[in-house]
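Following: one structure in structure tokens, then a few remarks.
Read-outs: derived from the displayed coordinates by stated rules, not from any lab. For clarity, every value in this text was computed on a predicted model and none was experimentally measured. Reconstructed Cβ throughout: ideal geometry from the backbone, glycine too, with neighbour counts over all protein chains shown.
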Amino acid sequence: MRTLKYEQIVEAADFVSAQMKEKPVLGLILGSGLGGLADRIDHACVLPYSDIPHFPVSTAIGHAGRLVCGTLGGHEVMAMQGRFHYYEGYNVSQVTLPVRVMQLLGIKKLLVTNAVGGINTGFVPGDLVLISDHINLTGMNPLSGPNDDRFGERFPDMSRAYCPVWRKHAARIMQDMGMKGHEGVYGGLGGPSYETPAEIRYLRHIGADMVGMSTVHEVIAANHGGMRVLGISCITNMAAGVLKQKLCHEDVLAVADQIEGKFCGLVERIAEQV
Ligand code: HPA
């Protein structure tokens with residue numbers, strides 16, 4: 001599969017736009033086990049990915065695979081209930097297609113969420129952490145190849161990839177809700193195998209507080225497209241070697257499930273104040 005052409009992305013955006021009653025102001029990408037938030041969206045228009053031109057179908061367990069558009073916290077949102085990962089065999093152009101669709105629909109704010117392994121021992125499973133920055137270790141960049149100036153500039157700045165102002169705002173909401181308001185650097189790896197303990201020691205050494213297999217490509221594309229980004233990671237487990245336990249996806253989903261109420265409450269409050 002080659003890089004998607006501009007016209008194909010426009011076709012996907014036109015299809016989605018034709019189904020929506022209002023213009024969305026906030027984009028949401030819901031990570032592993034966190035898709036239940038979409039059930040809180042009112043007046044929802046649900047579009048399975050298989051109906052949208054050029055959309056791949058998400059195969060990861062815990063990812064429903066549909067766009068849910070409607071009202072959350074009094075604002076019009078477009079939520080991805082399930083995302084695309086590089087490890088599923090998609091190229092980075094497919095992984096970032098929904099972000100480009102959001103950009104073409106005029107969305108200027110993107111909230112990305114994910115499940116992560118905690119590297120920083122100040123975190124415990126069940127914590128929600130605001131992403132302050134990321135390290136892209138996937139070896140891939142969605143902007144590789146000819147630049148399409150209609151989406152953004154050749155060399156986009158990434159020094160404020162996760163909007164500091166929005167993050168501060170979110171930290172205040174977390175405090176009001178009695179949460180710890182942690183912040184951390186997200187280390188993005190390709191997966192799908194979990195990391196080795198040696199890789200986790202390396203990640204800690206280079207400044208990562210948590211590790212996951214998604215997000216970085218979407219955030220690069222969003223910054224290229226001039227969007228503000230807020231990132232929330234859900235610590236579903238301590239990373240390999242930190243607690244000597246074995247890692248498995250079922251445990252990740254079980255912890256994400258336990259946090260769901262707290263997570264949904266937070267995202268709803270953030271959406272209210274967008
Ligand atoms: N590593 C990578 N991705 C993850 C993890 C992890 O420990 N937990 C949830 N997603």
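Annotation: the antiparallel percentage among DSSP beta bridges lying fully within the chain is about 35.
Please list, by residue number, every one of the trypsin sites (Lys or Arg not before Pro) in segment 173-235 that is coil in DSSP and has at most 11 other beta-carbon atoms within 10 Å.
Passing both the DSSP loop test and the Cβ count: no residue.
Remark on ARG160: its backbone amide H falls under 5 Å from none of the residues 5 or more positions apart or on other chains, H modelled at 1.01 Å from N.
Summing Lys and Arg as +1 and Asp and Glu as -1 over all other residues whose Cβ lies under 14 Å from the Cβ of SER144 gives a net charge of +1. Between HIS54, HIS217, HIS85, the GNM of the chain built on Cα springs shorter than 10 angstrom shows HIS54 fluctuating the most.
Debye-formula intensities of segment 4-138, expressed as log10 I(q)/I(0) at q = 0.21, 0.23 Å⁻¹, are -1.36, -1.56 (one equal scatterer per alpha-carbon, no solvent). Taking a cut-off of 20 Å between Cα atoms, list the aspartates and glutamates near LYS244, but don't count ones fewer than 8 places away on the same chain. Once the sequence-local aspartates and glutamates are set aside, what remains near LYS244 is ASP127, GLU195, GLU199, ASP209. Running Debye on the chain with equal point scatterers at the Cα sites and no solvent, what base-10 log of I(q)/I(0) appears at q = 0.09 Å⁻¹? Reported log10 I(q)/I(0), two decimals: -0.37.
Of GLY73, GLY139, GLY118, the residue with the greatest mean-square motion in the GNM of the chain, using alpha carbon springs below 10 Å, is GLY139.
Proximity of backbone amide H atoms, modeled 1.01 Å from N, is registered between GLU183 and LEU130 at under 5 Å, excluding neighbours fewer than 5 places apart on the same chain. The helix-based estimate of mean residue ellipticity at 222 nm for the chain, built from -39,500 (n - 2.57) per DSSP H run of four or more residues and divided by its residue count, is -9000 deg cm²/dmol to the nearest 500.
Which semi-axis lengths, in whole Å and largest first, follow from the square roots of five times the eigenvalues of the Cα gyration tensor of segment 162-274?
In descending order the semi-axes read 25, 18, 13 Å.
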